[in-house]
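Shown next, in structure tokens, is the structure this report addresses.
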Amino acid sequence: MNIESRMMKVVLIACATLGVGATAMADDMVVTRTETVKYSRFEAATPVGAVKLYGALRFAAARACTERGAPLSGSTDAFDACKGAALSRAVAEVKIDALTAVYLQDTRSLPRQGVVTVARR
């Protein structure tokens, strides 16, 4: 097996709608930025590797959702939404249980609007 086949790539696609709320931009303008994160699937399946990959994905999501060094035209809410969506999508695309567990643990404490949890008795 060569190095190319052992390394997988994750592409974060951050769909950042810069036209909404941004000045001097058309309402229908959408900018999509991508970041590529290289990782070893074998290493990412370990607890330490999953944490390392998750950190790299978080960093890449932040880069993908940043325009010219500033988060999405200064809107913190738009930046957070973009980063959250990009990270969620990347974790889902990787399909590694250890990474998903790290993601769920990290996002468990975040406030969720409009989410109702029902427990059976």
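So which residues in the range 47-57 are surrounded by fewer than 16 Cβ atoms within 10 Å (Cβ to Cβ) and closer than 20 Å to residue 80 by Cα, if there are any at all? Within the range 47-57, 55 is the sole residue that qualifies.
Can you list the helices (runs of 4 or more DSSP H) lying wholly within the range 1-101 that have 2 or more residues being β-branched (Val, Ile, Thr) and modelled with pLDDT of 85 or more? Give the derivation first.
Working: elements: 3-6, 41-44, 47-64, 76-94.
In the range 1-101, the matching helices (runs of 4 or more DSSP H) lie at 47-64, 76-94.
Take the conditions (1) assigned to a helix (DSSP H, G or I); (2) at pLDDT below 95; residue 120 misses just one of them, which is (1).
The values are calculated or read from the model by the stated rules, or taken from the named source; none is laboratory data. This one's a predicted model, so the numbers in the text were calculated from it and none came from an experiment. So basically every Cβ, Gly included, is an ideal-geometry build from the backbone, and we count neighbours across all protein chains shown.
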